[in-house]
Each structure stands twice: as C-alpha cells, then as structure tokens.
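Taken together, the values in this text are just the output of simple stated rules run on the coordinates, not laboratory data. Fair warning: this is a prediction, and the values are worked out from it, not measured in the lab. Here Cβ is always computed from backbone atoms with ideal geometry, including for glycine, and neighbour counts include all displayed protein chains.
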Amino acid sequence: MGDAIERFKRNGRDSLRSQAVGVLRDAILSGQLKPGAVLNEKELAERLGVSKTPIREGLSLLEHEGLVQTIPRRGYIVTPITASVSWPLPATLSFQLPIGCACGQAIP
C-alpha cells in the first residue's frame, strides 16, 4: 500500500486514531494512495496492527477534511486533491503559492 503505512509504529503518546490519521493522510498527500483507490477498513487495520475502530474514526475525520469520500456499500475512496479540499489543508501538505495567488489575484 505504501511506505507510510509500512513504517507505522505505535508511539504511545498519541491516540491510535491520531496515529492512523497521520499515516493515512501522509499516504494520500504523498500519492502513495492514489485518487480513486478504495480503502478497506479491515485491510488497513491489519496492516497497521490496530482494530477497525481507530481506522473507521480516522477515515471519518479524513472525510471531513475532504481527503476521502464514503461510497455506500463500498467503503471509502481517496478523493482527488482539488481546490475544493477543505481549507486550511493539513500542515503535512507543504507547498507555496505565489503571493498573487494567495491574495486571489490573477497571475499572468
């Protein structure tokens, strides 16, 4: 599934949900989980070595952020990253816009 998921290790400081969200967010934003990819709760839980509950809660949070979508009777899919993704974007996504873009001005 990707490097971020394979490197997951519990740290004892953060909740399992927070850790799972961080790993999944990193995998989505880095492109390891491609737009349109179906995310299976059971598979993710097994790969991360946690129960389905923190995965389900984490996916719900990522849905609120606009990074995944719920598809009835199918599960979650990775949402393409567009301008409609919730703002502000998570701090893990680092990029810089030209000052004109950040101010809403057209760039020639």
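Observations on the model:
- The residue that is nearest to the chain's Cα centre (by Cα), counting only those in the range 67-81 that are in contact (Cβ under 8 Å) with a residue 40 or more places away in the chain and within 16 Å of I55 (Cα to Cα), is L67.
- Taken over the range 30-61, the criterion of being under 12 Å from G75 (Cα atoms) and basic (K, R) is satisfied by K42, R56.
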